[in-house]
1. Tell me yes or no: at least one residue of the range 18-36 is exposed (fewer than 11 other Cβ atoms within 10 Å of the Cβ), in a loop (DSSP other than H, G, I, E, B) and in contact with a Pro (Cβ under 6 Å, 6 or more places away or on another chain).
2. Here are the criteria: (1) part of a loop (DSSP other than H, G, I, E, B); (2) modelled with pLDDT of 85 or more; (3) loosely packed, with under 10 Cβ neighbours inside 10 Å. Tell me which single one LEU67 does not satisfy.
3. Taking LEU53 as meeting all but one of (1) under 28 Å from the mean Cα position of the chain (by Cα); (2) outside any loop (DSSP other than H, G, I, E, B), write down the number of the exception.
4. In the range 38-64, what count of residues is obtained for those that are modelled with pLDDT of 90 or more and of a type in the set (Ser, Thr, Tyr)?
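The values are calculated or read from the model by the stated rules, or taken from the named source; none is laboratory data. Note that the coordinates shown come from a computational prediction; the quantities given were computed from them, not determined experimentally. Positions of Cβ are generated from backbone atoms using ideal geometry, with glycine treated the same way; all protein chains shown enter the neighbour counts.
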Amino acid sequence: MKTVDVNETERHLLSLLDEVEAGQELILTREGRPVARMSPLPKTRQARVLGRLAGLCAVPADWDAPLPPETIAAFEQPFLLGPSRNS
């Protein structure tokens, strides 16, 4: 963290902003007393690009067709976590 007098800030604002942009935090002082802080803003996330996976994934034409009875039966059976605790 760098300390900068307000008078110096007035003379060198652009170069000080370059430092802040590079990640440096500045404490601004007036007559040796801290009065403000300049710090970089958090980096913003890039917006997601729509269609980024276009052409890389295929959805079968029958993706919404009814499941076979044996698949449905498998989902309806109790989930087994080992030996039954009822025995």
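1. yes
2. Here LEU67 meets the rest and fails (3).
3. (2)
4. 1
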